[in-house]
1. List the trypsin sites (Lys or Arg not before Pro) within segment 27-119 that DSSP assigns to loop and that have no more than 11 neighbouring Cβ atoms inside 10 Å.
2. Can you give the Rg and Dmax of segment 46-99 based on its C-alpha atoms, in angstrom?
3. Regarding segment 1-70, what are the three Cα extents along the principal axes, ordered largest first, in Å?
4. Return the inverse of the average 1/r over all pairs of distinct C-alpha atoms in the chain, which is the Kirkwood hydrodynamic radius, in Å to one decimal.
5. Return the single residue from 55, 15, 28 with maximal mean-square fluctuation; model: Gaussian network over the chain, springs between Cα atoms under 10 Å.
6. Please list, ordered by chain and number, the residues whose modelled amide H lies under 5 Å from the amide H of residue 99; skip anything fewer than 5 residues away on the same chain.
7. I need the phi-derived Karplus couplings for segment 10-27: 6.51 cos²θ - 1.76 cosθ + 1.60, θ = phi - 60°, integer Hz, Gly and Pro marked x.
8. For the chain, with a Gaussian network of springs between Cα atoms less than 10 Å apart, report the residue from 19, 33, 59 with the top mean-square fluctuation.
Amino acid sequence: MAKLLLGAMVLALIVSILPMMLPFFALVFSTTPFGLRMTKDLNENYRAQIAGYSVMAYPVLQIIEKRGIIEKQVFQCDDSQLPDHYDLKIRSAKDIIFDQETDQTLSITLFYGGPNIRLTFDKSTGKILQQSNPADENQL
């Protein structure tokens, strides 16, 4: 019984230390490429990446404007902003495809190999203006 109690105490100590490592993981994931799940150049002005900077949060889609050495994040989207009635998540996207850019909007497609989601972002606010219905759209 004493060995079981000692084992339980050591296990409890280890489990109690794990939550203290969450800030360390966030620092490592945000400053190294370990947090990137996918990165892709969309065109000469933009690149997209799917990044997970925390072990407690879902990955996010970020659209970044290239400005030489300095880059600026212009759009960010997570799973909660996608339509709920689809089982498609940002983390399971296989590719990010640039569709079109106007003075007001930027459109991309999250490619899943089956139904795909087309997102149109407003450049001035950074919000999603329109989401396509994968069932209504032709597949890529």
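1. 94
2. Radius of gyration, then largest Cα-Cα span, for segment 46-99: 12.3, 40 Å.
3. On the principal axes, segment 1-70 reaches 67, 18, 14 Å in Cα extent.
4. 17.3
5. Result: 15 has the largest fluctuation of those listed.
6. Under 5 Å from the amide H of residue 99: 107, 108, 109.
7. Values per residue, Gly and Pro as x: 5, 4, 5, 5, 5, 5, 6, 7, 3, x, 6, 8, 4, x, 5, 4, 4, 5 Hz.
8. Greatest mean-square fluctuation among the candidates belongs to 19.
Bear in mind that the values in this text are calculations on the coordinates, not laboratory data. Just so you know, these numbers come straight off a predicted model, no measurement behind them. Backbone-built Cβ (ideal geometry, glycine too); neighbour counts: all protein chains shown.
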